[in-house]
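Below: the structure, in structure tokens.
The values are calculated or read from the model by the stated rules, or taken from the named source; none is laboratory data. Quick caveat, the model's predicted, so the values are computed rather than measured. All Cβ positions, glycine included, derive from the backbone under ideal geometry; neighbour counts span all protein chains shown. These accessible areas exclude ligands, DNA and RNA; they are computed on the full protein's heavy atoms, side chains included. Shrake-Rupley method; radii C 1.70, N 1.55, O 1.52, S 1.80 Å.
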Amino acid sequence: MDKHNFNKVSAAGLLVALGIIYGDIGTSPLYVLSAIINGKPIDELLIFGGLSCIIWTLTLQTTFKYVILTLKADNKGEGGIFSLYTLVRRQRKWLVFPAMLGGAALLADGMITPPISITSAIEGLRNIPVLSEIHNNTIIIIVISILVVLFFMQQFGTYSIGTMFGPIMGIWFSMLAVLGIANLSSEINVLHAFNPYYAVKLLTVYPKGFWILGAVFLCTTGAEALYSDLGHCGRGNIRISWVFVKTCLILNYLGQGAWLLNHKGMTFVNGVNMKNPFYAIMPDWFLLWGIVIATIAAIIASQALISGSFTLISEAIRLDLWPRMKIKYPSEAKGQLYIPGINTLLFAGCTGVVLYFQSSGAMEAAYGLAITLCMLATTILFANFLISKRVAPGLIWLYLLLYLGLELAFMIANLDKFPHGGFVTLIIGGGLFAVMYIRHRAKKIKNRYIEFVRVDEYIPKIEELSNDSSVPKYATHLVYLTGSSNPREIEHKIMYSILRGKPKRADIYWFVHVQTLDDPYTSEYTVEHIIPNDIIRVEFRLGFRMQPRLNLMFKKVVEDLVANREVNITSRYESQQRNNQVGDFQFIVMEKFLSQDNELPIFEHIIMRLYFWLKELAVSESRSFGLEQSNVIVEKFPLVVAPVSTLKLTRVWHNEDEE
């Protein structure tokens, strides 16, 4: 992204930011204050302190950490946990662990944000007198029906309706502000909440006040998603629009607080007599419209998280931290992709959360614990980014002390939710992290086996084979995918495939390598003619957000080479050569399977077993690289990481005398 455009502020950019950036954090007024007051008598300290905690959390965590500081860490205009990781991964190898932890936590968050937002909105129907006795099962059916439609529509893309998200969210935030202002006059003293004294007093004096931080944290859970969507809107548009969004959020929280102060002494309990202050501040005549707008806003928030999850997984696949999956492109719009497997996983997770918890009040108990881990991971990665920018060590330590301290406090407070449902998101997040860890660890183990050989040592043999008419021709053009980043080297297994056993004779041998770059959208290639018209190496240099659609890309390379007269792709068969026919192209993809002849430590053995099990569930390498199946041959070979050192086998000699 152009640096000028990245920081440029425009009306269209601000509208887009409202539509896709603030869905999660923008719908938090639906459930934050009801979580804070749940089971506690309403008094001034609870309301002033709770609101003060919300205001200063939005200021310190969302505004300072993310909007002001973390947005500086853009990778060619792109943001998010993996974009940040690519900026710092060459500094310390262990930084892959906070990156994996943060990615897993964000994906887990994508399984609970849609249910809690949509359920909170639909539960507002109970505030309409005619529907006050609506059965909980009816609400569950409505929520699941919305989720079914939402996830079904993903395969068609959201570009056509995405342009409407901005205006709708603009209406939503304006509604929040108007409702808040309208209720402020009933208890103007609620403005005392701007004083951080009340936040400190609540956490230190109020009975079990520290644990209220677990509910307060819900107001900032969308901050990480805000950073992830940096590339869609640009830093300037996010920072300006955040001023409007934060103002609307705080006004609405204050309006809810004013209403609660008019009900001092009352105790609202989830599932018993909870009256959500978000809907309580609405006039009766507006209630139905408010529920409709809240539901649409919750759906938009869910859509933003689902799209973010697709982008997150595509980045993880490109960084080799997630099994390869089928990726579709519903439209040609930048960033528009659809991953059926992840869509199914998210739908199953969201539906499971709704069926298990059955109410937004119960979901609040599970929400927040996983995302605190993501924020801690971002803090660690961003501190290393500051080191790379040569920021003064004192300022880096101040940043770490402030935000590690703040986020550890939130995490400890959220641990109180563990027995009440917090374990659900930790189990989901832990499972997702395990998948990434297995992928990463297995790659380290496999690297022991990979043997590279010098290409120039095999050139005479390949030339001799290519000219040996006694060997039946395998293909006119034989294309191998190689993992070697060094153009002078290639895997021994590829040379073995070409030369040993039944040799593969071809007129031209192509070695294709795909290099994943730290830049997000680089798409370029280089060509090296090792032996002109005989052995050619093509290297694709693709950003971590670019999908390797090799079938299309390789055709483009061949067309360019033919146009430049660098290669002759005409068939060498005499009959076809006379008619100027293009020769056939055959791709060879080498796939590994775990050999039984390995002596691995028990832990590594389990890792490799799980790795190959996950690989069976994933799509094949040829499909993940975008190759057409008609011209692809898959060769399987055993992976021997730790060969058996000694084999106890004794020959028994037959004694003829005994016969």
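Brief remarks follow.
- Of all residue pairs spaced 6 or more apart or on separate chains, those with beta-carbon atoms under 7 Å, a first member in segment 184-198 that is touching a residue at least 12 places away in the same chain (Cβ under 8 Å) and of a type in the set (Phe, Trp, Tyr) and a second member that is part of a helix (DSSP H, G or I) and open to solvent by 60 Å² or more (accessible area, probe 1.4 Å) are TYR198/HIS192.
- Subset of segment 607-623 [part of a helix (DSSP H, G or I) and either crowded, with 19+ Cβ neighbours inside 10 Å or hydrophobic (A, V, I, L, M, F, W, C) (or both)]: ILE607, MET608, LEU610, TYR611, PHE612, TRP613, LEU614, LYS615, LEU617, SER622
- Entirely in segment 422-526, the strands (runs of 3 or more DSSP E) that have 3 or more residues that are within 30 Å of TRP211 (Cα to Cα), open to solvent by 40 Å² or more (accessible area, probe 1.4 Å) and of a type in the set (Ser, Thr, Tyr): none
- Remark: pairs (first residue in segment 230-254, under 21 Å from GLY308 (Cβ atoms) and of a type in the set (Phe, Trp, Tyr); second residue open to solvent by 10 Å² or more (accessible area, probe 1.4 Å) and part of a helix (DSSP H, G or I); Cβ separation under 8 Å; 6+ apart in sequence or on different chains) = TRP242/THR63.
- Residue in segment 64-76 that is acidic (Asp, Glu), farther than 25 Å from LEU179 by Cβ and surrounded by 20 or more Cβ atoms within 10 Å (Cβ to Cβ) present: yes
- Evaluation of GLY265 against (1) within 21 Å of the chain's Cα centre (by Cα); (2) small (Gly, Ala, Ser); (3) not in a helix (DSSP H, G or I) (one fails), failing number: (1)
- Residue within segment 159-180 that is over 18 Å from ILE296 (Cα atoms), in contact with a helix residue (DSSP H, G or I) (Cβ under 7 Å, 6 or more places away or on another chain) and touching a residue at least 40 places away in the same chain (Cβ under 8 Å) present: yes
- Filtered by the rule that a residue be in contact (Cβ under 8 Å) with a residue 40 or more places away in the chain, open to solvent by less than 20 Å² (accessible area, probe 1.4 Å) and β-branched (Val, Ile, Thr), segment 529-552 gives a lone residue, ILE535.
- Screening segment 272-387 for helices (runs of 4 or more DSSP H) wholly inside it with 3 or more residues that are surrounded by fewer than 23 Cβ atoms within 10 Å (Cβ to Cβ) returns the ranges 287-318, 340-357.
- Residue in segment 553-564 that is open to solvent by less than 40 Å² (accessible area, probe 1.4 Å), modelled with pLDDT under 85 and of a type outside the set (Ser, Thr, Tyr) present: no
- Meets criteria (surrounded by 20 or more Cβ atoms within 10 Å (Cβ to Cβ) and either farther than 23 Å from TRP211 by Cβ or modelled with pLDDT of 85 or more (or both)) for GLY405: no
- Residue in segment 18-36 that is open to solvent by 10 Å² or more (accessible area, probe 1.4 Å), out of contact with any helix residue (DSSP H, G or I) (no Cβ under 6 Å at 6 or more places or on another chain) and more than 24 Å from ALA316 (Cα to Cα) present: no
- Pair list, Cβ < 8 Å and 6+ apart or interchain, from segment 94-110 residues that are within 10 Å of CYS374 (Cβ to Cβ) to residues that are open to solvent by 10 Å² or more (accessible area, probe 1.4 Å) and polar (S, T, N, Q): LEU106/SER228
- Restricting SER595, SER575 to those that are exposed (fewer than 13 other Cβ atoms within 10 Å of the Cβ) and modelled with pLDDT under 75 reduces the list to SER575.
- Odd one out for LYS636, checked against (1) assigned to a helix (DSSP H, G or I); (2) modelled with pLDDT of 75 or more: (1)
- Qualifying residue in segment 98-109 (condition: within 20 Å of ILE396 (Cα to Cα), assigned to a helix (DSSP H, G or I), open to solvent by 10 Å² or more (accessible area, probe 1.4 Å) and of a type outside the set (Gly, Ala, Ser)): yes
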